[in-house]
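Everything on this sheet refers to the single structure shown next.
The values are calculated or read from the model by the stated rules, or taken from the named source; none is laboratory data. These numbers come from a predicted model, not from an experiment. No Cβ is skipped: glycine too gets one built from the backbone with ideal geometry, and neighbour counts run over all protein chains shown. Side chains are part of the model used for accessible areas, which takes the heavy atoms of the whole protein and leaves out ligands, DNA and RNA. Shrake-Rupley method; radii C 1.70, N 1.55, O 1.52, S 1.80 Å.
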Amino acid sequence: MGFRLVQERRIVTALPGPTSASLAERRKAVVGAGVASTLPVYVADADGGVIVDVDGNSFIDLGSGIAVTTVGASNAAVVDAVRDQVEHFTHTCFMIAPYEGYIAVAEKLTDITPGDHEKRTVLFNSGAEAVENAVKIARHATGRDAVVVFDHAYHGRTNLTMALTAKSMPYKSGFGPFAPEVYRAPMSYPFREGLDYDGSSITGEQAAARAISAIEKQVGADSVAAILIEPIQGEGGFIVPAEGFLPGLAAWAKDNGVVFIADEVQAGFARTGAWFASEHEGIIPDLITMAKGIAGGMPLAAVTGRADLIDAVHPGGLGGTYGGNPVACAAALASIEQMETLDLNSRAREIETLVVSRLDAVAGQVGIIGEVRGRGAMLAIELVEAGGRQPNPDAARKIAAHALQQGVVVLTCGTYGNVIRLLPPLVITDELLLDALDILEDSIRTVAKDQ
Ligand SMILES: *Cc1c(COP(=O)(O)O)cnc(C)c1O
């Protein structure tokens, strides 16, 4: 595909440059301190694999605005679709005056989500809103209250989704009280089974049995409306559960009339080399929550799943003023079409091969990489104290900062803050990706020397 902006890394000022610095001053006077930004620079333009700041610096983007701009931040097909839609109408509210785009997105999601059972879709604005509504649907359909979530989970920042999210700082601290009837079960985290970081691991089946036992003993199967899980955890550290864990939970849910909800907000839409991460283990979730990569950066979210569950809700029970906004729907249709045309599922797997082989080689040479993991272009490096397994958030922070100074944007995550995550736009060129990997490797080696 062609790009509007030159696909190159180019640092021409100190960071932040003077224009960014003055925007930072203006910001401090008016923007709430509770909203933090990773980058000290301000964006003027973005396209393909680059973000250009207001001082003319061009950064290689390995974050995609948190797995959102999978097709690029100004993909021409998405831009055309959005322009065409805004020239006709920006909003009528689907609950008042409906339109075709909403239906077309629902049709598309029926096609690409796992399973060929009868499905329905409802559209929303954000991932958190999709998760809240999936829980509403599961409770309504089952007549039960309890929701089971997992260690390291991230599901959003609204009141219910804060309760569903595991990590206190920064997501929950000081923001309680939280919604009731949320229960946390142990996750499968192959690199860190147990509390002693000894690396002893259990199988996915054993981890599922452990979680199921906790649910049965502490909640009771009859009380559980839903199990809600990210098939690959995002903010929690790009944790890929051991094989067999997800199928074990899904089978138990099915046997017990529990709704199995896959939160694919971060992992969905070609990111992991499949339309949805659930597919890697053949899971067919009852409900799937989606957002981030769905619409090329326009705010849109969805719940797609079993028709009998979703249609159990009375008319008027679900919705929202902006849910399924026509401009966002047009962007989603164009983005998904780009994923198909450019075969971005294959591209994600290519990126995995390229990045993992490179990082594995580095991991063998420095003592601070505990594990390189992930699927497709949802990849992570877990940093540890040299030679051991203790989490090393300091190294993660320093590597990200070092890479940024050289013009490469990487994000950190993880319960312990010690994971570097790589989420490049899937349209990034090999040349740009290789340049970014050179910088990342150099950053890792530089930081490893001081550890
Ligand atoms: C980002 C995220 C959410 C929340 O999405 P928002 O659009 O920020 O509300 C929910 N679940 C997962 C897995 C996420 O990564």
Determine the relative contact order of the chain: mean sequence separation of Cα pairs under 8 Å and six or more apart, normalised by residue count, in whole percent.
21
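Give me the percent relative contact order of segment 78-341, please, defined on Cα pairs under 8 angstrom at least 6 residues apart.
Working: 525 pairs, mean separation 80.1, N = 264.
Relative contact order here is 30 percent.
Given only helices, namely DSSP H runs of n ≥ 4 each adding -39500 (n - 2.57), what is the per-residue ellipticity at 222 nm of the chain, to the nearest 500 deg cm²/dmol?
Numbers: 13 runs with 164 residues, N = 451.
Roughly -11500 deg cm²/dmol at 222 nm, from the helical runs in the chain.
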Reach of residue 398 by Cα under 15 Å, taken over aspartates and glutamates that are not fewer than 8 positions away in the same chain
382, 385, 441, 442, 450
Along the charge dipole of segment 273-424, pointing to its positive end and built from +1/-1 on Cβ of Lys, Arg, Asp and Glu, which listed residue (282, 361, 310) has its Cα farthest out?
361
Report the chymotrypsin sites (Phe, Trp or Tyr not before Pro) located in segment 72-142 that are in a DSSP loop and have at most 14 other Cβ atoms inside 10 Å of their Cβ, or state none.
89
At a threshold of 8 angstrom on Cα-Cα distance, excluding pairs fewer than six apart, so keeping six or more, what relative contact order does segment 65-158 reach in percent?
18
Among 260, 187, 331, pick out the residue whose Cα is farthest towards the positive end of the charge dipole of segment 78-341, where Lys and Arg carry +1 and Asp and Glu carry -1 on C-beta, about the Cα centre.
187
Cβ-defined net charge surrounding residue 70, 11 Å radius [Lys, Arg +1; Asp, Glu -1]
+3
Partner aspartates and glutamates for residue 217 [C-alpha distance under 19 Å; skip if fewer than 8 residues away on the same chain]
145, 151, 181, 205, 255
Put 110, 321 in order of accessible area, largest first, probe 1.4 Å, and you get 321, 110
Taking the alpha-carbon centroid of each part, what is the distance from segment 401-451 to segment 210-236 in angstrom?
33
Mind grabbing the accessible area of residue 352 for me, 1.4 Å probe, Å², rounded to tens?
60
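Could you give the semi-axes, largest first, of the ellipsoid that matches segment 78-341, computed as the square roots of 5 times the alpha carbon gyration tensor eigenvalues and rounded to whole Å? Walk me through the numbers before you get to the answer.
On the way: eigenvalues 196, 76, 61 Å².
Taking √(5λ) for each eigenvalue gives 31, 20, 17 Å, largest first.
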For q values of 0.10, 0.13 Å⁻¹, compute log₁₀ I(q)/I(0) with the Debye formula on a Cα-only model of the chain, without solvent.
-0.72, -1.24
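What does the charge dipole of the chain about its Cα centre add up to, to the nearest 20 debye, if the Cβ of each Lys and Arg holds +1 and the Cβ of each Asp and Glu holds -1? Write down the numbers at each step before the final one.
Working: 35 positive and 54 negative charges, 233 e Å.
Value, rounded to 20: 1120 debye.
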If amide H atoms are modeled at 1.01 Å from N in the peptide plane, then the residues at a separation of 5 or more from residue 384, or on another chain, having amide H under 5 Å from its own are 369, 370, 392
The alpha-carbon pair-distance distribution computed for segment 232-288, with 10 angstrom bins and whole-percent values, is 24, 56, 19, 1
Rg to Rh ratio, segment 1-149, alpha-carbon atoms and Kirkwood radius?
1.06
With all pairs of different alpha carbon atoms counted, what Kirkwood hydrodynamic radius in Å does segment 352-406 show?
11.7
